[in-house]
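**Student:** Encoded as structure tokens, here's the structure I'll be asking about.
The values are calculated or read from the model by the stated rules, or taken from the named source; none is laboratory data. The structure presented is a predicted model; accordingly, all values stated were derived computationally and were not measured. Heads up, the Cβs are rebuilt from the backbone with ideal geometry, glycines too, and the neighbour counts pull from every protein chain shown. Accessible surface is based on the protein model in full, side chains and every heavy atom, while ligands, DNA and RNA are left aside. Shrake-Rupley method; radii C 1.70, N 1.55, O 1.52, S 1.80 Å.
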Amino acid sequence: MAACQPPKKEIDYPPTDLSKNYLIPKPVKVIPTKTAFGLSKNTVIYTSQDDEQFKNVGAFLANKIKTKTGLDINVNSINENNPIAQIIYINQSDSINLKTPESYQLYIKKDSIFLNAKTAAGAFRGIQTLRQLIPEASNDTLTDHPLWLIPSGKIFDEPKFEYRGIMLDVARHFFTIEEVKKFLDILSYYKYNTLHLHLSDDQGWRIEIKSWPKLTQIGGQTEVGGGIGGFYTQEDYKELVSYAAERHITIIPEIDMPGHTNAASLSYSFLNGNGKIIKPYTGTRVGFSTFATQKDTVYAFLDDVIGEIASISPGPYFHIGGDESHVTKKKDYINFVEKVEKIVQKHGKRMIGWDEIVEGNIDSTSIAQHWNTTANALKASENNSKVILSPAIKAYLDMKYDSLSKHGLDWAGFIPVDVAYKWNPETYVEGLPKESILGIEAPLWSETISNIGELEYLAFPRAIGYAELGWSSSKNLDWEDYKKRLANQVPFLQRMSVKYYPTKSVDWED
Ligand code: TNX
């Protein structure tokens, strides 16, 4: 039969070079094979059948292809009107070459794309690479229907750090779930896997606690500058957790304590430990509030709060803050951290805290988030605790770019886009062994921003650079090379209506 049919006409694709890609984060290894995969209406996506999560990754990809190209791509089913010409196969593989849960391999050929990953998280990271490889414009001359030519070749990729995060302060100003979802959409495109939410501070308490309703009824109604504040109901929060989970991003909840607790003490005065009358606070000073760390009732309260939040937070961590407790006596602070660590563990989580928590005798499973004091990072590692790197002078998204910045603070200095990129997290803290580094996180404090546009101004483009610092191997980090790839992000940023800061140090493509 086959012999009787005319030979299938092979399309001659124009030569391509996969090594000249604009991928961010830069993959570990790229091998070009000079031809192309023609994404078209005749493409279908298939996924490993016995894993629901792989099917979801396939559906996610189809959805994003639709947004970028307008194509309706079937997932795990045949479109009767279209002959299948090319297949994208998202495959669960136990290959030993896939070393981490987020590792993936992409084999792009003329008629097929094979994406191999051990876990759905790896597959999800891999489809971000694929999305970035789809050109903006189709080729309409090679066949009777448009083709989006994806350069062929192989990509082997894996993250440098298992933890790649952003922190968003929803306490100083409140951000709605829609705003946080949009932020998650952008972060997931650059392979972030963690969003840490700073849910309480002096200026506001942002998550419903059913056993202590005044926290949001009173503490949730204020914010910096005198606005109305706001809070997430537990249903809202669960919606965010699951939206993040669809993007293989873990939400880490933070309740900051024993300092940064004015809003909590405003709601329940027995919590207050600084001996002063509590008033609503809408300014931007830090370090004046503290829990009454010697009262048993405070720990009973915290058991409820941590328990309720832990039960709706599937991730492994609970963040206790612990920073800038300037009016808590040192011995009380230490005692507090050690007691709260036990409560966190009782609710099945590992404790994270800002680097000051190492003043206590913390467990080696607890994690210190280094923001300010190098000695604290080193002490954590001597304790066999892991460290998250968020050094303020390099990684604070709330620092101004320069003196003309519309928003931001400058206590840790200006952080222009190139300075944010030009540091090596693996060697940044002298004497800190690589094995102690869990990953990096860029915090976005919100004293000076109150809506998504202002958030985007501070976060982008710097957060795109931190994504690369967290994922790509240090030997692949090069500002001159990165800034060309960054310039090429404009179509994506425009499609997402991201109000990024168009620094002059990059030749933006528009
Ligand atoms: C320091 S960093 C803080 C926050 C502020 C931030 C402003 C840290 C653990 N504490 O309370 O919002 O500076 O940049």
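**Student:** Return the only residue of Thr69, Thr33, Thr47, Thr43 being touching a helix residue (DSSP H, G or I) at 6+ places or on another chain (Cβ under 7 Å), surrounded by 12 or more Cβ atoms within 10 Å (Cβ to Cβ) and of a type in the set (Val, Ile, Thr).
**Tutor:** Being touching a helix residue (DSSP H, G or I) at 6+ places or on another chain (Cβ under 7 Å), surrounded by 12 or more Cβ atoms within 10 Å (Cβ to Cβ) and of a type in the set (Val, Ile, Thr) holds for just one of Thr69, Thr33, Thr47, Thr43, which is Thr47.
Residue-wise test of (1) within 21 Å of Gly122 (Cβ to Cβ); (2) free of Cβ contacts under 8 Å to residues at least 40 places away in the same chain.
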| position | (1), (2) |
| --- | --- |
| Lys191 | yes, no |
| Glu235 | no, yes |
| Leu240 | no, no |
| His248 | yes, no |
| Asp256 | no, no |
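**Student:** Can you pull out every residue in the stretch 411-438 that is in a loop (DSSP other than H, G, I, E, B), among the polar types (S, T, N, Q) and open to solvent by less than 70 Å² (accessible area, probe 1.4 Å)?
**Tutor:** Asn424
**Student:** What number of residues within the stretch 109-159 satisfy the criterion of being in a strand (DSSP E or B) and of a type in the set (D, E, K, R)?
**Tutor:** 2
**Student:** Oh, and also: Picking from Gly275, Gly287, Gly315, which residue would you name as being buried (at least 17 other Cβ atoms within 10 Å of the Cβ) and in a loop (DSSP other than H, G, I, E, B)?
**Tutor:** Result of the check over Gly275, Gly287, Gly315: Gly315.
**Student:** Would you check if His198 is within 16 Å of the ligand (Cβ to nearest atom), in contact (Cβ under 8 Å) with a residue 24 or more places away in the chain, open to solvent by 10 Å² or more (accessible area, probe 1.4 Å) and not assigned by TED's automatic domain parsing to the domain that holds Lys118?
**Tutor:** No, not satisfied.
**Student:** Right, something else. Going residue by residue through the stretch 394-410, is there one that turns out to be without any contact (Cβ under 8 Å) to a residue 40 or more places away in the chain, more than 11 Å from the ligand (Cβ to nearest atom) and not in a loop (DSSP other than H, G, I, E, B)?
**Tutor:** Yes.
**Student:** Could I ask something else about it? Tell me, please, whether a residue that is within 16 Å of the ligand (Cβ to nearest atom) and surrounded by fewer than 23 Cβ atoms within 10 Å (Cβ to Cβ) can be found in the stretch 338-352.
**Tutor:** No, there is no match, as no residue in the stretch 338-352 is within 16 Å of the ligand (Cβ to nearest atom) and surrounded by fewer than 23 Cβ atoms within 10 Å (Cβ to Cβ).
**Student:** Pairs only if they're at least six apart or on different chains, beta carbon under 7 angstrom, first in the stretch 491-510 and farther than 19 Å from Ala137 by Cα, second open to solvent by 40 Å² or more (accessible area, probe 1.4 Å) and assigned to a loop (DSSP other than H, G, I, E, B); list them, first residue then second.
**Tutor:** Partner pairs satisfying both residue conditions: Pro502/Trp508; Thr503/Pro416; Ser505/Pro416.
**Student:** Within the stretch 72-102, track down each residue that is surrounded by fewer than 18 Cβ atoms within 10 Å (Cβ to Cβ), among the acidic types (Asp, Glu) and in contact with a helix residue (DSSP H, G or I) (Cβ under 7 Å, 6 or more places away or on another chain).
**Tutor:** Across the stretch 72-102, the qualifying residue is only Asp72.
**Student:** Out of all the residues in the stretch 103-111, is one or more open to solvent by 30 Å² or more (accessible area, probe 1.4 Å), basic (Lys, Arg) and touching a residue at least 12 places away in the same chain (Cβ under 8 Å)?
**Tutor:** Yes, the stretch 103-111 contains a residue that is open to solvent by 30 Å² or more (accessible area, probe 1.4 Å), basic (Lys, Arg) and touching a residue at least 12 places away in the same chain (Cβ under 8 Å).
**Student:** Next question. Looking at the stretch 464-484, which of its residues are in a helix (DSSP H, G or I) and either of a type in the set (Gly, Ala, Ser) or surrounded by fewer than 18 Cβ atoms within 10 Å (Cβ to Cβ) (or both)?
**Tutor:** Listed by number, the residues that qualify are Gly465, Ala467, Gly470, Ser474, Lys475, Asn476, Trp479, Glu480, Asp481, Lys484.
**Student:** For the stretch 201-225, what are the residues that are closer than 11 Å to His173 by Cβ and either β-branched (Val, Ile, Thr) or surrounded by fewer than 23 Cβ atoms within 10 Å (Cβ to Cβ) (or both)?
**Tutor:** Thr222, Val224, Gly225
**Student:** Of all residues in the stretch 375-393, how many are farther than 15 Å from Lys434 by Cα and open to solvent by 10 Å² or more (accessible area, probe 1.4 Å)?
**Tutor:** The qualifying residues number 3.
**Student:** Checking Tyr163 against (1) touching a helix residue (DSSP H, G or I) at 6+ places or on another chain (Cβ under 6 Å); (2) over 30 Å from Gly225 (Cβ atoms): exactly one of these is not met. Which one?
**Tutor:** (1)
**Student:** I need a count of the residues in the stretch 59-96 that are assigned to a loop (DSSP other than H, G, I, E, B) and charged (D, E, K, R).
**Tutor:** Number of matching residues: 3.
**Student:** How many of the residues in the stretch 259-290 are closer than 19 Å to His326 by Cβ and within 16 Å of the ligand (Cβ to nearest atom)?
**Tutor:** The number of residues fulfilling the criteria is 15.
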